[in-house]
Amino acid sequence: MEQHVPYQRLIVERRGPVGWIINNRPDRLNAYDSVMRAEFPRAWAELDRDPQVRVIVHTGNGRAFCAGADVSDLDATGIEQFRETMRTLDLRLTAWHMNVGKPVITAVNGACAGGGLHWVTDADIVIAASDATFVDPHVSLGQVSALETIGLMRRMPAEAVFRMALVGSHERLTAQRAYELGMISQVVDPPERLREVAQELAEKIARNSPAAMRATKRALWGALEHGLTDACREGAKHLTSMWGHPDQDEGPRAFAEKRTPQWQPLEVES
């Protein structure tokens, strides 16, 4: 029997059909060290494989969502391992890195800086508390801004991303400005309601067909990897993959009968 090892840097919870991953290093503004980096793949896999979880929400404890990578606790070996994950693009931090098939919401509380932006760029939906701020300090620290800001170009106008990357730590985006630029889809006020609003949104999403949502997510994310024609071809494959699935009969029948659909459980993929 597999023994469950407690998490040290993350909290993993279930609230009905919603799984939660909570950054839990508030004394370090949830900066991720080697321990937290090692826990993320396990947390994502655990919730993605749980048949009772239909949507995953990611947030942080304390006054920051994530202050980025904490390299202060790494020795020379740890730093080299961290660099190797970058060189091979094997970060295993986010749901996108881990090919999570379920919908993922990032709920940003407080400060989100540098490497913390990974979870903004790689989520399906991002909401933020009204007091949240976003900053990319890489160039101010003599580092290259690349992966996070490349990802942000899928969400925001390119000029806004260039400004964020090149101004560095000398300017922060407010939640309202991030909303105006398309980085996030909702500002939650007062900030104390962030988790409540995230849970409500996740429960709305959880009412839909798990299989249809997984295929939809793959089609939409796949579109970011292709040109228009190739994206439509790939999207058609995901669309037709649902033909004959029980949920396609159950949805219209439940609508006609004015009842809640009884969706098929999502099959766990190896």
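The values are calculated or read from the model by the stated rules, or taken from the named source; none is laboratory data. Nothing here was measured: the structure is a model prediction, and the numbers come from that model. For neighbour counting, all protein chains shown are included, and Cβ atoms are generated from backbone atoms with ideal geometry for every residue, glycine included.
Can you spot a residue in region 13-28 that is of a type in the set (Val, Ile, Thr) and touching a Leu at 6+ places or on another chain (Cβ under 7 Å)?
Restricting attention to region 13-28, the residues satisfying the condition of being of a type in the set (Val, Ile, Thr) are 18, 21-22.
Checking which are touching a Leu at 6+ places or on another chain (Cβ under 7 Å) leaves us with 21-22.
For region 13-28, residues of a type in the set (Val, Ile, Thr) and touching a Leu at 6+ places or on another chain (Cβ under 7 Å): present.
Return the residue satisfying two criteria in turn: it lies in region 113-137 and is of a type outside the set (Asp, Glu) and surrounded by fewer than 20 Cβ atoms within 10 Å (Cβ to Cβ), and of such residues it is modelled with the lowest pLDDT. Applying the filter and picking the extreme gives 137. Reported count of residues in region 87-131, each being of a type outside the set (Gly, Ala, Ser) and touching a residue at least 60 places away in the same chain (Cβ under 8 Å), is 13. Going by the conditions given, is residue 142 over 19 Å from residue 33 (Cα atoms), surrounded by fewer than 18 Cβ atoms within 10 Å (Cβ to Cβ) and out of contact with any Pro (no Cβ under 9 Å at 6 or more places or on another chain)? Judged against the criteria, residue 142 is a match.
All of (1) among the charged types (D, E, K, R); (2) assigned to a helix (DSSP H, G or I); (3) modelled with pLDDT under 95 hold for residue 27 with one exception: (3).
The selection criterion, being over 16 Å from the mean Cα position of the chain (by Cα) and at pLDDT below 95, holds for residue 226. Here residue 264 passes the criteria (1) more than 27 Å from residue 150 (Cβ to Cβ); (2) buried (at least 16 other Cβ atoms within 10 Å of the Cβ) except the one numbered (2). Pairs are defined by a Cβ separation below 8 Å, a sequence spacing of at least 6 or placement on different chains, a first member in region 200-228 that is among the basic types (Lys, Arg), and a second member that is part of a helix (DSSP H, G or I); the pairs so defined are 218/238. As a summary of the residue check, residue 144 satisfies the conditions (1) closer than 19 Å to residue 56 by Cβ; (2) in a loop (DSSP other than H, G, I, E, B); (3) free of Cβ contacts under 8 Å to residues at least 60 places away in the same chain except for the one numbered (1).
Only one of the numbered conditions (1) modelled with pLDDT under 95; (2) among the hydroxyl-bearing types (Ser, Thr, Tyr); (3) within 21 Å of residue 54 (Cα to Cα) is violated by residue 185, and that is (1).
Scan 193, 214 and give me the residue that is basic (Lys, Arg), surrounded by 12 or more Cβ atoms within 10 Å (Cβ to Cβ) and assigned by TED's automatic domain parsing to the domain that holds residue 62. First the steps, then the outcome.
Numbers: 214 fails: assigned by TED's automatic domain parsing to the domain that holds residue 62.
Testing whether each residue is basic (Lys, Arg), surrounded by 12 or more Cβ atoms within 10 Å (Cβ to Cβ) and assigned by TED's automatic domain parsing to the domain that holds residue 62 leaves just 193.
Taking region 141-160 as the range and being more than 22 Å from residue 71 (Cβ to Cβ) and either over 19 Å from the mean Cα position of the chain (by Cα) or not assigned by TED's automatic domain parsing to the domain that holds residue 54 (or both) as the test, the residues that pass are 157, 158, 159, 160.
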